[in-house]
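For reference, the structure discussed in these notes is given below.
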Amino acid sequence: MKLLALLCILFSVCECQNEGGGMSSDFKALIVVFVIVLAGVAIWGIMCFRNDGSYQGDCSCGSDDEDEVEERGSALCYLCQKKIPKSDWNSGQHRAECARTNSEILQAMKTTQ
């Protein structure tokens, strides 16, 4: 919203300063380039950042590459840092096994009250 107000002020100042009463063609081209760059930055921001403002790292729109399709069907275990099938994660099977295997790590972690 602030950018729109700034753009309106910029248009009005340029119209007042131009002798012919309108904007020069060079300035109009500059405005078009500015708007295109701004739109590109906005699209990049939408694709690369999550709603909380954190960078998600992968700015692609996705692909049909087998590796990426395989990754979609997996989850990353927070404890062992291994990719596991989402079915094992959702069922709780991996979490239970991982907790038993890594019980020393879990016991050493601080708890909140």
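The values are calculated or read from the model by the stated rules, or taken from the named source; none is laboratory data. This structure is a prediction, so every number in the text was calculated from the model and none was measured. Neighbour counts run over all protein chains shown; Cβ positions are idealised from the backbone, glycine included. Surface areas here come from the heavy atoms of the whole protein model, side chains and all, with no ligands, DNA or RNA. Shrake-Rupley method; radii C 1.70, N 1.55, O 1.52, S 1.80 Å.
Computed quantities for the displayed model
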{"read-out": "Peptides 76-85, 34-43 ordered by average Cβ neighbours within 10 Å, highest first", "value": "76-85, 34-43"}
{"read-out": "Most to least accessible of R100, R95 (protein chains only, probe 1.4 Å)", "value": "R100, R95"}
